[in-house]
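The values are calculated or read from the model by the stated rules, or taken from the named source; none is laboratory data. Note that the coordinates shown come from a computational prediction; the quantities given were computed from them, not determined experimentally. Every residue, glycine as well, gets a Cβ built from its backbone with ideal geometry; the counts of neighbours run over all protein chains shown. These accessible areas exclude ligands, DNA and RNA; they are computed on the full protein's heavy atoms, side chains included. Shrake-Rupley method; radii C 1.70, N 1.55, O 1.52, S 1.80 Å.
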Amino acid sequence: MTKQLMFYERAVPVTKERHGDLSVAFTGNYSFARHTNSLPLMAIEIPKAAQEYAIVFAGEGEALLPTAVLGLESEETAYVGPKGRWAAKYVPAFVRRYPFVFSSLNEGKSLAQCVDEAFSGCNREGRGQRLFDDAGERTEYLKQMLEFLKEFQRSHKRTQAFCQQLVELDLLETRSAKVKTSAGQQVTLSGFRAVSREKLHALPAEKLAELAKSGALELIYLHLYSLQNLSGMLDRLVMSRRMAKVEAEKNKPTIN
């Protein structure tokens, strides 16, 4: 399987023949996501994510999803520090499921649980959690990760339904925003999509009632509220760049 899904590099189906002695050790190092400037979110995550991330909408058709903005440049994130620590309390499910992921088989008729063998925590020395026990049976850890993937998939379908509501009501618009850091630096962000307050307020009462009943209205307002986190993201980015520069200076070779 070729590189896919942002930081997945070599995701292959989990089998006891190939992974009977494989273990996964995760020590809280998120360096694998260091070059990711945005992440898809599930609708169920929006209440928590809105407290720390700016949430916009990205993608087309069935690929349209709420998205957490992590950085400005294509391979830069404000949420992974120089030592790999995640710089926010809430870690999106897209990240937490790593190094596992579902892959579509038989032209989409079935899904296979895969593991990214390129993940630095994958090892055959017994560090961390084994995928199979000595009898060749799936461990509780592997079963738990499978259930996590299944729930992620179910959430994905519910999220698609939420996004479809926004499309059908023509609520999304392309936006730009001028954002200032706490130090007064101003940056213009453009090309992202967000719900139009004007279009939302112009909806007929029965449509607003439908959005409220489905829970979508609450998610919409949380999304709009979250846009104020853009300035915080920029502050994190400035700090991250400074820390990276300091770390680079520390590791810079010297001539005696």
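The table below lists the values:
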quantity: Over 32 Å between alpha carbons, listed pairs Lys83/Lys143; Lys83/Lys109; Lys48/Lys207; Lys48/Lys83; Lys48/Lys250; calculated: Lys83/Lys109; Lys48/Lys250
quantity: Label selected from [x] 1.14; [y] 1.70; [z] 0.96, the criterion being Cα Rg over 2.2 N^0.38 Å as computed here; calculated: [x]
quantity: Total formal charge among the other residues, if their Cβ is under 12 angstrom from that of Tyr30, Lys/Arg +1 and Asp/Glu -1; calculated: +4
quantity: Residue-normalised accessible area of segment 57-164, expressed per residue, 1.4 Å probe, Å²; calculated: 52
quantity: Net length gained if the chain between Asn123 and Arg96 were fully extended (0.36 nm per residue, minus Cα distance); calculated: 7.8 nm
quantity: Global geometry of segment 111-256, whether rounded, prolate or oblate, following the gyration tensor of its Cα atoms and the 1.5 cut on a/c; calculated: oblate
quantity: Portion, in percent, of the accessible area of segment 88-187 that falls on carbon or sulfur, probe 1.4 Å; calculated: 45
quantity: For Leu70, residues with placed amide H under 5 Å, excluding near neighbours; calculated: Ser38, Leu39
quantity: Residue-count net charge about Pro92 - beta-carbon cut-off 13 Å; Lys, Arg +1, Asp, Glu -1; calculated: +2
quantity: Charge tally in the Cβ shell below 11 Å around Gln164, where Lys, Arg are +1 and Asp, Glu are -1, Gln164 excluded; calculated: 0
quantity: The chain: most fluctuating residue of His19, His35, His201 per GNM, C-alpha cutoff 10 Å; calculated: His201
quantity: Per-selection Rg to Rh, segment 50-104 - Cα, Kirkwood hydrodynamic radius; calculated: 0.98
quantity: Unit charges on C-beta of K, R, D, E only; dipole of the chain, Debye; calculated: 700
